1. Please sort 67-74, 81-88 by packing, taking for each peptide the average over its residues of neighbouring beta carbons within 10 angstrom, highest first.
2. In square angstrom, what is the accessible area per residue of region 6-88 with a 1.4 angstrom probe?
Amino acid sequence: VKSSDDFLKEHLEMPNATVGRIIKSAIPNGTMVAKDVKSLFARAAGIFIIYLSSHANDICQDRNKATISAQDVLAAVREVEMEDFLPSLEKYLEDFRATSGTKKRSKVKQAAPSSSSKKQKTSA
């Protein structure tokens with residue numbers, strides 16, 4: 001049986017390279033970061049995901065819902081008093097949905113046979 005630390009390390013930690021890029025974008029140029037800091041941030045990110053998921057699940061259960069939605073996550077962000085992040089999260093969600101919708105429409109168009117190919121098949 002794996003411990004919760006093993007599970008977290010194996011499944012929930014972001015790659016150190018990704019964490020390093022995020023840290024680098026947030027601090028002034030020339031600031032050095034110790035190697036163990038990347039791992040610490042990766043662990044903290046995993047723990048935060050668990051924490052926020054738990055709050056979102058509580059909100060979902062209070063609403064008698066079985067599926068956590070984006071609105072539940074945004075409500076959880078409010079609940080943990082991180083409202084300053086809401087505008088960027090809402091913008092990300094809007095952009096994601098717009099991009100996702102475009103991709104879905106593109107796939108539907110590709111999957112649907114054109115009327116000329118139907119005519120060729122029926123006339124054969």
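The values are calculated or read from the model by the stated rules, or taken from the named source; none is laboratory data. This one's a predicted model, so the numbers in the text were calculated from it and none came from an experiment. So basically every Cβ, Gly included, is an ideal-geometry build from the backbone, and we count neighbours across all protein chains shown. Side chains included, ligands, DNA and RNA excluded: accessible areas come from the protein's heavy atoms. Shrake-Rupley method; radii C 1.70, N 1.55, O 1.52, S 1.80 Å.
1. 67-74, 81-88
2. Counting only protein heavy atoms, the per-residue value for region 6-88 is 72 Å².
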